[in-house]
Amino acid sequence: MDAALTRDRNFIGGRWVDGSGAARLTSTNPASGEVLGVVPDSGPQDVDRAVRAAAEAWPRWRATPAPRRAEILFRAAELLVARKEDLARLMTQEMGKILAETRGDVQEAIDMTYFIAGEGRRLHGYTTPSEMPRKAAYCVRAPIGVVGIITPWNFPMAIPSWKIVPALVCGNTVVFKPAPETPLVATAFVAVLEEAGLPPGVVNLVAGGDQAGAALVDHPGVALVSFTGSTDVGLQVAARCAARGVRISLEMGGKNAAIVLDDADLDLVADALTWSAFGTTGQRCTACSRILVTPRTHTGVVERLAGRAAKLRVGNGLDAVTEMGPLVSAAQRARVEQYVAIGRGEGTRVVIGGERVAPAGFEGGFFYAPTVLDDVRPHMRVAQEEIFGPVVGVIRCATLDEAIEVTNGVRYGLSASVFTRDVSAAMRAIEEIRTGIVYVNHGTIGAEVHLPFGGTRHTGNGHREGGLQALDVFSEWKSVYIDYSGRLQRAQIDRE
Ligand code: NAD
């Protein structure tokens, strides 16, 4: 691990500082168990310091012209480009996904930072005619205040960048509480922002677990919470924000389905769904977790997918030949094992996988075999609940209508895909599937930063990250009327 990239402290008011208490969090490599570093396990006092620093920095930052704010962000993007390989290696060590994917994670942060920094010279509002003579009307985006940012471990740089960068370009200041599994990647990202030249207090980092997250959510100085994580935690956080009238943006779980129709190219399906179900060891909010096949595509899909899964090289993500790394933690592997046991109990058939793997030299890592369950029925728990591991269930559907109904028949609504060469079937699926993202002839992963990202129903609360829509989370509209007529003009009333 490159120690020069990371820090073992919180970042508050422009300084790297120790936690106020003695509690510490240990970051470990899930492939090897190696200890990578130790950071503060922050408590409410640390959160309070950080929120105060962010509040103090806000007036100057919001008064800094947006193009100047963006210049700092462009520099951050350049630093990320220069350090991409080192950051990717650090990330693979800290959370396990393979190097190709951690390079992609850093690249996503780079793309997001360049894209949103470009908004520093736009941040468009609009002007519009007034209904009165000699009166100007326009609207502008205004910053909100101190933003509390809470993130998971599966995209430990991309997800923080989706939140922190738009929050900053809009003129907010930030307190960032990363996942307890990936504190070092978080410190590396914040160190880049520091080096790029952000003024003290504009971004603050408190490492810690759920308690630090809860303290941030409950802090009276926080004006907006942006949360990505599980649906159960997200809904609790939302309830607490609602009680205090605090704005909240939520990105939560998924139970993503891919529909394979009769005319699909089954080799493409196998390639796409191997990547979609087993990439990041299935630990993506957009991971394909249900494959909906027709009677004609069932055997072809199951055989091809099992063939691909059998050949996937599971091992240490730093090794260039590895195609699937470990799960992030013992707890995450136990969760996957429990769901496979539930699936067996519900009557599904384990076609392949369903057991731990112990790659040579990494026997202590949290590895699990890519797993395909057949004979899954839509009502089963393995078809309804987010597993968040390398497990995909195959469900038979007689028609496209039934497949759309099954796709929509879960509490989540993040992403879905349909494989077909029939344009009418594809268009119907696009129209009737109730998810925030739909793919055609592609798995359920592969979002690009300049389009809105997020989900319907229990995946989110109506906000979107990515795209220009991200700006709507981190700013609010101010409408301005300038009457230069020199007399009282009453809208709606003075119509002559
Ligand atoms: P999690 O909900 O356990 O934790 C997420 C974050 O919330 C962590 O930083 C955690 O410390 C914090 N937290 C936990 N309890 C809290 C509380 N009471 N108050 C405030 N903060 C609290 O999720 P996880 O295991 O880190 O991540 C996996 C989940 O994230 C999956 O459900 C996955 O689908 C979801 N996810 C969603 C998206 C998306 O964009 N929709 C992207 C990635 C991951």
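The values are calculated or read from the model by the stated rules, or taken from the named source; none is laboratory data. In this text, all values refer to a predicted model and were calculated from it rather than measured experimentally. Glycine also receives a Cβ, built like all others from the backbone with ideal geometry; neighbour counts cover every protein chain displayed. Please note that ligands, DNA and RNA were not included when accessible areas were found on the heavy atoms of the full protein model with its side chains. Shrake-Rupley method; radii C 1.70, N 1.55, O 1.52, S 1.80 Å.
Structural remarks
- Verdict on Gly462 being within 26 Å of Asp105 (Cα to Cα) and either open to solvent by less than 30 Å² (accessible area, probe 1.4 Å) or in a strand (DSSP E or B) (or both): no
- Some residue of segment 164-178 being within 14 Å of the ligand (Cβ to nearest atom), assigned to a strand (DSSP E or B) and in contact with a Pro (Cβ under 7 Å, 6 or more places away or on another chain): yes
- Restricting attention to segment 213-228, the residues being in a strand (DSSP E or B) and either surrounded by fewer than 19 Cβ atoms within 10 Å (Cβ to Cβ) or near the ligand (Cβ under 7 Å from one of its atoms) (or both) number 2.
- Residue check, Gly279 more than 30 Å from Val418 (Cα to Cα) and either among the aromatic types (Phe, Trp, Tyr) or out of contact with any His (no Cβ under 9 Å at 6 or more places or on another chain) (or both): no
- Scanning segment 396-433 for residues that are more than 27 Å from the chain's Cα centre (by Cα) and open to solvent by less than 10 Å² (accessible area, probe 1.4 Å) yields Cys397, Thr420.
- Taken over segment 179-197, the residue count meeting the criterion of being part of a helix (DSSP H, G or I) and either aromatic (Phe, Trp, Tyr) or within 16 Å of the ligand (Cβ to nearest atom) (or both) is 7.
- The criterion of at least 1 residues that are out of contact with any Asp or Glu (no Cβ under 9 Å at 6 or more places or on another chain) and within 16 Å of the ligand (Cβ to nearest atom) is met by the following strands (runs of 3 or more DSSP E) wholly inside segment 80-155: 146-150.
- Search result, residues across segment 462-489 that are touching a residue at least 60 places away in the same chain (Cβ under 8 Å) and within 11 Å of the ligand (Cβ to nearest atom): His463, Glu465, Gly466
- Residues in segment 377-392 that are in contact with a Lys or Arg (Cβ under 8 Å, 6 or more places away or on another chain), closer than 13 Å to Glu346 by Cα and open to solvent by 10 Å² or more (accessible area, probe 1.4 Å): Gln384 alone.
- A Cβ distance below 6 Å, combined with a sequence gap of six or more or placement on separate chains, defines the contacts here; from segment 220-249, residues that are among the charged types (D, E, K, R) reach residues that are open to solvent by less than 60 Å² (accessible area, probe 1.4 Å) and more than 8 Å from the ligand (Cβ to nearest atom) in the pairs Arg247/Leu224.
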